[in-house]
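Okay, so here's the structure we're looking at.
The values are calculated or read from the model by the stated rules, or taken from the named source; none is laboratory data. Predicted, not measured: the structure shown is a model, and the values here were computed from it. Quick reminder, even Gly has a Cβ in these numbers, built from the backbone with ideal geometry, and neighbours come from all protein chains shown.
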Amino acid sequence: MYTREAHPGENVPGHDSFGRKLAGARLLREETGICRDILVDDLAGTVHRAYGLMPNMTWVIDRGGQVAYKANWTSAANVEAFLARFLAARSQHPAGAAAVMYETEQIEFRHTDRTRFAEHLLRNGPRAAVEFERARELWARRAAT
Amino acid sequence: MGVENRGGAASYNYSRFDDYVAGGGDLADEAAFRASPRAGEPAGDFTLLRLGDGAQVRLSELWQTRPLVMEFGSFT
């Protein structure tokens, strides 16, 4: 799901029209070589809003439309492990036992490659790096109060 | 598209990340995630444009027979 540009810069601006949004989605496909289908949200972010506005979420919707998994950040390993567990437990259970659904909520950790992230910000345009640095100062100030 | 919708799209598609954070946009996004459907609840169904072929695709068609893994993202 292609949403909005999280760290726009001189080279990759934010969206001011649906045409620009489509161009951004094509850039994502071409530069990252994504083979999965890319769906493009509308300019106002209707679907993104409905699913919670975080920049890199993953959701798993079970057949029939029930939310099975939601994470406010994407970890491919975490999604894979969940799917393997979820599908196996649903379809195979010991004789005499029933599969009963329950919910979990967890904190997970991710590790960001700061050098790579900084390179990406510069690729978006120099101001994207400056703005992120200022955002970090704002977060530090927020954490101190 | 009405004036109100344009305003919504303009604030959604922010042009400066630092100003967005200064205005508490990131905190509002975290709150929106927490307020979104929980595990076990029905997911929102929408019709969207598929980039490859330009077709209009309904999410409920994609999760009709098997689970749908949906990653949200952008280039930047």
Query raised in the report: Which of (1) under 25 Å from residue A:23 (Cβ atoms); (2) at the interface with another protein chain (Cβ under 7 Å from one of its Cβ atoms) does residue B:55 not meet, given it meets every other one?
Result: (2)
Query raised in the report: Residue check: is residue B:40 assigned to a loop (DSSP other than H, G, I, E, B), small (Gly, Ala, Ser), more than 8 Å from chain A (Cβ to nearest Cβ) and exposed (fewer than 15 other Cβ atoms within 10 Å of the Cβ)?
Result: no
Report summary line: If we ask which residues in segment A:13-49 are under 13 Å from residue B:10 (Cα atoms) and within 15 Å of the chain's Cα centre (by Cα), their number turns out to be 1
Report summary line: The number of residues in segment B:58-71 that are surrounded by 12 or more Cβ atoms within 10 Å (Cβ to Cβ) and at the interface with chain A (Cβ under 7 Å from one of its Cβ atoms) is 8
Requested in this report: Would you please name the residue that is modelled with the lowest pLDDT, looking only at residues in segment B:9-21 that are surrounded by fewer than 17 Cβ atoms within 10 Å (Cβ to Cβ) and part of a helix (DSSP H, G or I)?
Outcome: B:10
Query raised in the report: In the list A:84, A:140, A:71, A:129, which residue meets the criterion of being more than 7 Å from every other protein chain (Cβ to nearest Cβ), in contact with a strand residue (DSSP E or B) (Cβ under 6 Å, 6 or more places away or on another chain) and modelled with pLDDT of 95 or more?
Result: A:71
Query - Candidates A:60, A:12, filtered to the one that is within 7 Å of chain B (Cβ to nearest Cβ) and either exposed (fewer than 14 other Cβ atoms within 10 Å of the Cβ) or assigned to a loop (DSSP other than H, G, I, E, B) (or both) - result: A:12
Query raised in the report: Does residue A:100 count as in contact with a strand residue (DSSP E or B) (Cβ under 8 Å, 6 or more places away or on another chain) and among the β-branched types (Val, Ile, Thr)?
Result: no
Report task. Give me the pairs, please: first residue somewhere in segment A:77-95 and over 20 Å from residue A:109 (Cα atoms), second residue anywhere and modelled with pLDDT under 95 and part of a loop (DSSP other than H, G, I, E, B), beta-carbon distance under 6 Å, and either six or more positions apart or on two chains. Result -> A:90/A:99; A:93/A:99
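Does residue B:24 satisfy the condition of being farther than 25 Å from residue A:78 by Cβ and either charged (D, E, K, R) or surrounded by 12 or more Cβ atoms within 10 Å (Cβ to Cβ) (or both)?
Here the answer is yes, as residue B:24 does meet what is asked.
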Requested in this report: Hey, can you tell me all the residues within segment A:17-50 that are within 7 Å of another protein chain (Cβ to nearest Cβ) and outside any helix (DSSP H, G or I)?
Outcome: A:37, A:38, A:39, A:40, A:41, A:43, A:44, A:45
